[in-house]
Amino acid sequence: MKSKYVLSLVVPVFLGAVPGWAQQTFRLWAEAAGQTEKDIPTLTMYAPDSINQTRTAIIICPGGSYRGLAKHEGEDYARFLASYGIRAFVLKYRLGPVYGYREITADAARAMRMVRDGSRRWNFDTNKIGIMGSSAGGHLASTMMTHFDDGDPSSGDSVERVSSRPDFGILCYPVISMGAIGHAVSREQFLGLNPTEELVRRYSNELQVTPSTPPCFLWHSFDDKIVSVENALEFANALKKNGVPFDLHIYEQGRHGLGLGDKAPFANPHPWTRDLTAWLKARGLIS
């Protein structure tokens, strides 16, 4: 059955320009789920300077416990990445308690497909599309890293025919587990009040890593009092067991929700940004 949500990037639904490097905002779905802004998931594109542009794109999932979206973990990241020649897309996904895991993961998968479908138009490689997330956004990013598919070749929508698999992931103080080491508020907003054990296991992403999971850069702080550092450690351990390359950084200090640790023009960001750019260079994703 054909989806009623049909939208091609060739003729995007344009919601207007955003100050700064933001160029365009696109609806993910042709039909809104409701009447309010929170019912309309979008992607906002931040284009790099054409002189410095790389062939890399990154989708950014802001954190906020699945009940809000932190601007400094979205727009700020996008501007920082754009300064390195990366075309960045900030995802505004639907939130709990009105929406849950079905809609949230559908938004993230749709975003991956839309960006990949638009790679030729925006001049980046289809195999250099990453996903990045912080806190609950890190859980969503890690969900895309472990719950992707190859697309539906029979779909009448060109977007739905392409893969939702990211080529790499960047996880910042992420929620990974829906179990005891995870974050109770994020779990409640994502899975509801009384999720089944099967559902908890399915979205405890340390248990869902396979050899097909993409390479990953992840960092956390030892003293994080909101989301335990065990989340990053367990995910890294699962990556190791499955032979998936990763770069793990645990810093002694760094509050939860730190973001870049700086404000624009980001002259003195937290050291994780230097470690990240070194990793991106080593993988041939930036110059």
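Each value in this text was obtained by applying a stated rule to the coordinates, not by laboratory testing. The structure presented is a predicted model; accordingly, all values stated were derived computationally and were not measured. Neighbour counts are summed over all protein chains in view; Cβ atoms, including those assigned to glycine, are modelled from backbone coordinates with ideal geometry.
What list of ³J(HN,Hα) values in whole Hz, one per residue of the range 92-100 in order, does the Karplus curve 6.51 cos²θ - 1.76 cosθ + 1.60 (θ = phi - 60°) give from phi, with Gly and Pro shown as x?
9, 9, 5, 10, x, x, 5, 10, x
For a Förster distance of 41 Å, can you work out the FRET efficiency between the beta-carbons of residue 38 and residue 267, rounded to the nearest 0.05?
Computed FRET efficiency for residue 38 and residue 267: 0.75.
Which of 241, 71 comes first, and how do the rest follow, when ranked by fewest Cβ neighbours within 10 Å?
The fewest-first ordering by Cβ neighbours comes to 241, 71.
Regarding the range 184-287, what are the three Cα extents along the principal axes, ordered largest first, in Å?
Extents along the principal axes, in whole Å: 46, 30, 22.
What whole-number distance in Å separates the alpha-carbon centres of the range 34-60 and the range 80-118?
8
Counting other beta carbons within 10 Å of each Cβ, put 131, 58, 104, 250 in order, fewest first.
250, 104, 58, 131
Dividing the alpha-carbon radius of gyration of the chain by 2.2 N^0.38 Å (N being the number of residues), what value is obtained?
0.92
Quick one: dipole size for the chain, taken about the Cα centre, charges +1 on Lys/Arg Cβ and -1 on Asp/Glu Cβ, in debye to the nearest 20.
Charge dipole of the chain: 540 debye, to the nearest 20.
Normalising by the residue count of the chain, find the relative contact order in percent from Cα pairs under 8 Å and 6+ residues apart.
Answer for the chain is 16 percent.
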